[in-house]
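The values are calculated or read from the model by the stated rules, or taken from the named source; none is laboratory data. Not measured: the values here are computed from a predicted model. No Cβ is skipped: glycine too gets one built from the backbone with ideal geometry, and neighbour counts run over all protein chains shown. Just the protein is used for accessible areas: all its heavy atoms, side chains included, with ligands, DNA and RNA removed. Shrake-Rupley method; radii C 1.70, N 1.55, O 1.52, S 1.80 Å.
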Amino acid sequence: MTHSWSYHNPVDVRFGGDAIATLAECIGTARYALVTYDEPSFAGLTGQLTKAAHAPAITVNDVLPNPDCSNLKAQIDRFWGLQGAMDLIVAIGGGSVIDTAKVLAAGRYGFDALMTQVRAGVVSGDLSPPPLIAVPTTAGTGSEVTCWATIWDEAEGAKYSLAHVDFYPRTAVVDPALMLGKSRELTRTTGLDALSHALESIWNKNANPVSARHAVFAARTILRDLPKLLSSPDDLPLRASMAEAALSAGLAFSNTKTAIAHNISYPVTLRYGVAHGIACSFTLPTILRSLPPLCGFRDTALDELFGQERNAGADQLAAALRGMGVGLSFKDYGVDRPEAEAIIEDAFLGQRGKNFIGTKYALFAAAQGDGLI
Ligand SMILES: NC(=O)c1ccc[n+]([C@@H]2O[C@H](COP(=O)([O-])OP(=O)(O)OC[C@H]3O[C@@H](n4cnc5c(N)ncnc54)[C@H](O)[C@@H]3O)[C@@H](O)[C@H]2O)c1
Ligand SMILES: [Fe+2]
């Protein structure tokens, strides 16, 4: 008997071309809200869109990196306080913008009602959000093809992952030219986030053969092209390659969620201020080293990426990350050993930790062996 599995992703993806022209066509005569950053280059895009389509009914541009509860309440009040229904929401920006747009869209019953569900761990019911068109300007989060949104509560030291089928954008418009303005550091951290999504979707209980294919393409492309792009940030074909890789990583983890590296990352970001892409990638070689013997499509995927010998593969991945300036020890981020051990212990208790196919015992053994802790 063969094992059974399913793969699903409902997002209409439009890659390449001129994003503004594609957006104008998607918007047509619709009444729409625009979510973006309050930055000059994004104001320029807003101007182009207003010219090519028509003006948005509302622009929400007070989006901060890592959308925080302190801001979202006022944004939801403003958005849902408008007279008349919104036909569409257009989000132009990175994961923070796209996730803010998802939360806004889901806020029909108010921020407090949404947060009650979020704190209880399940967002359920019919949210009936306006359809979302996501235009990613980073090659990282994959939020344009996932039904997750991440929100942060810095005051409480908490991070929440919202999951609901209504959070899938209707359309993703991916134009690599919009990513040319990213700094080297933003390119590095977002690219490493995408690498982590790809690998975390492979060592994941929810993996399936299709998610694994997307993940192999994504990880192989990132390991090959991200170092080159860091040296040539104006290279459009390399930007396109990274955009396709981040999108593919999104298509992979849209079906699996992330796993242990992400759960380890959240306290490292919240307590030590480490950028998400670094916090979720510095543990990857150790996690690879710790994996139990696998069989089937997961094993094939890892063999294709790193060869058949896991330790040698982990060394290769470690060298690639070090080459991109990633420190591979908790100490590099100011986290001492007892704290690192506590973070790893806790990470196994959370939902994403439970997605991981490896064991705590093996991860601690690998972490002691290779100097992660
Ligand atoms: N929903 C998901 O599935 C998912 C997955 C991973 C991460 N996330 C979340 O996404 C957020 C991070 O998103 P991100 O990494 O895309 O960055 P971001 O949206 O937080 O943006 C970071 C900074 O980059 C700048 N920027 C973005 N695009 C630019 C461009 N093309 N040129 C110049 N500057 C640009 C912005 O102005 C901003 O200041 C985090 O909150 C993270 O938790 C969500
Ligand atoms: Fe991530």
Pair E154, E25: separation of 7 Å Cα→Cβ label points (nm): 4.0 nm
Probe 1.4 Å, protein heavy atoms only - accessible area per residue of the chain in square angstrom: 40 Å²
For segment 214-373: relative contact order, % (alpha-carbon pairs under 8 angstrom, 6 or more apart): 28 percent
Expected 222 nm ellipticity per residue - DSSP helices of 4 or more, -39500 (n - 2.57), all of the chain, to 500: -16000 deg cm²/dmol
Estimated dipole of the chain in Debye, rounded to 20 [Cβ of Lys and Arg +1, of Asp and Glu -1, Cα centre]: 420 debye
Nearest-ten-degree value, helix 360-370 long axis tilted from longest Cα axis of the chain: 70 degrees
Distance between modelled label sites at D112 and N206, nm, 7 Å Cα→Cβ extension: 3.1 nm
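Sequence gap at least 6, Cα distance under 8 Å: using those rules, report the relative contact order of segment 12-178 to the nearest whole percent.
Answer for segment 12-178 is 27 percent.
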Kirkwood Rh and Cα Rg combined as Rg over Rh, evaluated for the chain: 0.96
Segment 230-339 - Rg over Rh from alpha carbon coordinates, Kirkwood radius: 0.98
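Hey, with R₀ at 22 Å, roughly what FRET efficiency would V122 and K73 work out to, going by the Cβ-Cβ distance, to 0.05?
Values: r = 20 Å, r/R0 = 0.92.
Plugging the Cβ-Cβ distance into 1/(1 + (r/R0)^6) gives 0.60.
What percent do you get for the relative contact order of the chain when only Cα pairs under 8 Å and 6+ apart count?
In percent, rounded to a whole number, it is 15.
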Lys, Arg +1 and Asp, Glu -1 on Cβ, resulting dipole of segment 12-178 about Cα centre, debye, nearest 20: 260 debye
Two-site FRET efficiency, I357 against A177, from Cβ-Cβ distance with R₀ of 56 Å, rounded to 0.05: 0.90
Surface/4 of the Cα convex hull for segment 12-178, nm²: 8.9 nm²
Selected from G95, A318, G81, residue furthest toward positive end of dipole (the chain; charges at beta carbon): A318
Quotient of C-alpha Rg and 2.2 N^0.38 Å, computed over segment 183-370: 0.95
Measure of compaction for segment 111-178 (Cα Rg per 2.2 N^0.38 Å): 1.25
Rounded to whole Hz, the Karplus (6.51, -1.76, 1.60) HN-Hα couplings of segment 313-327, x for glycine and proline: x, 5, 4, 5, 5, 4, 5, 5, 5, 4, x, 9, x, 9, x
Of L372, F297, N263, farthest towards positive along the dipole that unit charges on Lys, Arg, Asp, Glu beta carbons give segment 243-373: N263
Residue (of Q308, F282, L223) at the positive-pole extreme of segment 197-312, dipole from beta-carbon charges: F282
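Can you send over the carbon and sulfur percentage of the accessible area for the chain, probe radius 1.4 Å, protein chains only?
53 percent
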Rounded tilt (10° steps) of 69-80 against the dominant C-alpha axis of the chain: 30 degrees
